[in-house]
Amino acid sequence: MEKSLWKAQYQSSAGASSTGITTLDNGLIYGGNAIFYFTGEYDANNKRRSTATVRIKRYADGPSILGPIDEGTLLLSGTMSDNTIFFSGYLENNPACKVTAKMEKLIDLLPPDNIT
């Protein structure tokens, strides 16, 4: 995946949901929602399957779909197409805390000199 901006809709195994924004940048992940920011890495060598490790860290007060945590690491796997990614996974230190998500591509990010 080249540099691109994605909308993400998350749901926990407890039924809570959230939305956020994510940038994929040649194997790197950056993003967040109203409570957490996150960074990580993904592997999309197999164009249909992907794995990711995402570190999350709280920066604002509010309820988390993952329970009362301030930071953690999500281990994820999923399927990809050009415009949609579905993934599922869990918190590394609490495998019972599961999460699923659907991501939809919003836009490919262009170098600044190509923006009109």
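The values are calculated or read from the model by the stated rules, or taken from the named source; none is laboratory data. Quick caveat: nothing in here was measured; it's all calculated off a predicted structure. A quick note on method: Cβ atoms are made from the backbone with ideal geometry, for glycine too, and the neighbour counts reach across all protein chains shown.
Looking at the stretch 38-62, which of its residues are of a type in the set (Asp, Glu) and more than 20 Å from Ser81 (Cβ to Cβ)? Selection gives Glu41, Asp61. Would you say Ser64 is farther than 22 Å from Glu104 by Cβ and at pLDDT below 95? Against the criterion (farther than 22 Å from Glu104 by Cβ and at pLDDT below 95), Ser64 qualifies. Glu71 meets all of the listed conditions (1) in contact (Cβ under 8 Å) with a residue 24 or more places away in the chain; (2) farther than 17 Å from Ile21 by Cα; (3) not small (Gly, Ala, Ser) but one, namely (1). Restricting the stretch 95-116 to residues that are modelled with pLDDT under 95 and among the polar types (S, T, N, Q) leaves a set whose member that is farthest from the chain's Cα centre (by Cα) is Thr116. Taken over the stretch 12-45, the criterion of being touching a residue at least 12 places away in the same chain (Cβ under 8 Å) and out of contact with any strand residue (DSSP E or B) (no Cβ under 7 Å at 6 or more places or on another chain) is satisfied by Ala14, Ala16, Asp25, Asn26, Ala34. Scanning the stretch 1-16 for residues that are in a loop (DSSP other than H, G, I, E, B), surrounded by 14 or more Cβ atoms within 10 Å (Cβ to Cβ) and either among the hydrophobic types (A, V, I, L, M, F, W, C) or under 10 Å from the mean Cα position of the chain (by Cα) (or both) yields Met1, Ala16.
Just to be sure, is Thr19 of a type in the set (Ser, Thr, Tyr) and either outside any strand (DSSP E or B) or exposed (fewer than 13 other Cβ atoms within 10 Å of the Cβ) (or both)? The answer is yes for Thr19.
For the stretch 93-105, filtering for residues that are surrounded by 14 or more Cβ atoms within 10 Å (Cβ to Cβ) and within 16 Å of Ile29 (Cβ to Cβ) leaves 5.
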